[in-house]
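Visitor: I'd like to ask you about the structure that follows.
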Amino acid sequence: MGIMAKTSTTTQGLRAAIERSGYYPALVAEAVEAAVGGEPVRSYLVHQETTFDQNEVRRHVTVLVLTGNRFIVSHTDEQAADSTSPTPYATTSTESVKLGRISSIVVSRVVANPESYKPGTLPREIVLTIGWGAVSRIDLEPAACGDPNCEADHGYTGNSTADDLSLRVSEAGDGPETVRQALTFAQALSEATADQTR
């Protein structure tokens, strides 16, 4: 599950959070620590999710780390034995992004009973989407004019969306503390990227 901290012992807290997740902690910690290097950790979030793929249960852990200059993303997935490996295996990847490259941070909140919402109430779930230009999605559709009888080709219209990372955290699946921690991390990242534009 998730853990977030903003103290002088944040690096040790990150390691402890990875170990508490119980998901190949030595492998995940080594990859994250190598990506962080000697930089102090300002904030972090460890999120584990389990998915069901036909007859298999698969686990995945995402570790988000904020340093003074970078945003680091680590993903670890487990795989069953297949034609390339006679034994189960895990794949870990890390990406390091300069804070100045982050172009968007979107926090979508789902709240119950919005008519009686009180400020400070924890959302039922959030989706944190972060874009830095590594992955863009283009949605196109034929363009049209206002004339229903027009048969001319008006080309295409569409939207380009940067969504390099999308992370869903819910109270039901991850617990209220993880939702709170994800919101805190999102705020820390937003503040850090705002500092880069000043």
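Visitor: Do we find that GLY100 is open to solvent by less than 70 Å² (accessible area, probe 1.4 Å) and out of contact with any strand residue (DSSP E or B) (no Cβ under 9 Å at 6 or more places or on another chain) in this structure? Spell out how you get there, then give the answer.
Guide: Values: open to solvent by less than 70 Å² (accessible area, probe 1.4 Å): yes; out of contact with any strand residue (DSSP E or B) (no Cβ under 9 Å at 6 or more places or on another chain): yes.
Spelling it out, GLY100 is indeed open to solvent by less than 70 Å² (accessible area, probe 1.4 Å) and out of contact with any strand residue (DSSP E or B) (no Cβ under 9 Å at 6 or more places or on another chain).
Visitor: Take the residues of the range 23-38 that are over 24 Å from GLN187 (Cα atoms) and touching a strand residue (DSSP E or B) at 6+ places or on another chain (Cβ under 8 Å): which is modelled with the lowest pLDDT?
Guide: If we take residues in the range 23-38 being over 24 Å from GLN187 (Cα atoms) and touching a strand residue (DSSP E or B) at 6+ places or on another chain (Cβ under 8 Å), then TYR23 is modelled with the lowest pLDDT.
Visitor: Still on this structure, please answer the following. Within the range 54-70, can you find the residues that are open to solvent by less than 10 Å² (accessible area, probe 1.4 Å) and closer than 24 Å to GLY175 by Cβ? Full working, then the answer.
Guide: Taking the range 54-70 and keeping what is open to solvent by less than 10 Å² (accessible area, probe 1.4 Å), we get 61-67.
Within the range 54-70, VAL61, THR62, VAL63, LEU64, VAL65, LEU66 qualify.
Visitor: Does any residue of the range 186-197 turn out to be assigned to a strand (DSSP E or B), among the hydroxyl-bearing types (Ser, Thr, Tyr) and either modelled with pLDDT under 80 or open to solvent by 50 Å² or more (accessible area, probe 1.4 Å) (or both)? Don't jump to the end; show me each part of the working.
Guide: Kept after step one, since they are assigned to a strand (DSSP E or B), are these residues of the range 186-197: none.
Checking the range 186-197: not a single residue is assigned to a strand (DSSP E or B), among the hydroxyl-bearing types (Ser, Thr, Tyr) and either modelled with pLDDT under 80 or open to solvent by 50 Å² or more (accessible area, probe 1.4 Å) (or both).
Visitor: One residue is enough: does the range 12-26 have a residue meeting the conditions surrounded by 14 or more Cβ atoms within 10 Å (Cβ to Cβ) and farther than 24 Å from GLY173 by Cβ?
Guide: Yes: the range 12-26 contains one or more residues that are surrounded by 14 or more Cβ atoms within 10 Å (Cβ to Cβ) and farther than 24 Å from GLY173 by Cβ.
Visitor: Taking the range 39-53, which residues are open to solvent by less than 70 Å² (accessible area, probe 1.4 Å), modelled with pLDDT of 90 or more and assigned to a strand (DSSP E or B)?
Guide: Answer for the range 39-53, where residues must be open to solvent by less than 70 Å² (accessible area, probe 1.4 Å), modelled with pLDDT of 90 or more and assigned to a strand (DSSP E or B): VAL41, SER43, TYR44, LEU45, VAL46, HIS47.
Visitor: Please determine whether any residue of the range 141-157 is of a type in the set (Phe, Trp, Tyr) and either at pLDDT 90 or above or open to solvent by less than 60 Å² (accessible area, probe 1.4 Å) (or both). Let's see the steps before the verdict.
Guide: Start the filter on the range 141-157 by keeping residues that are of a type in the set (Phe, Trp, Tyr), which leaves 156.
With either at pLDDT 90 or above or open to solvent by less than 60 Å² (accessible area, probe 1.4 Å) (or both) added as a condition, the list becomes none.
Among the residues of the range 141-157, not one is of a type in the set (Phe, Trp, Tyr) and either at pLDDT 90 or above or open to solvent by less than 60 Å² (accessible area, probe 1.4 Å) (or both), which makes the answer no.
The values are calculated or read from the model by the stated rules, or taken from the named source; none is laboratory data. Note that this is a predicted model, so its numbers are computed, not measured. Positions of Cβ are backbone-derived with ideal geometry, glycine not excepted, and every protein chain shown enters the neighbour counts. Heads up: the accessible areas ignore ligands, DNA and RNA and are worked out on the full protein's heavy atoms, side chains in. Shrake-Rupley method; radii C 1.70, N 1.55, O 1.52, S 1.80 Å.
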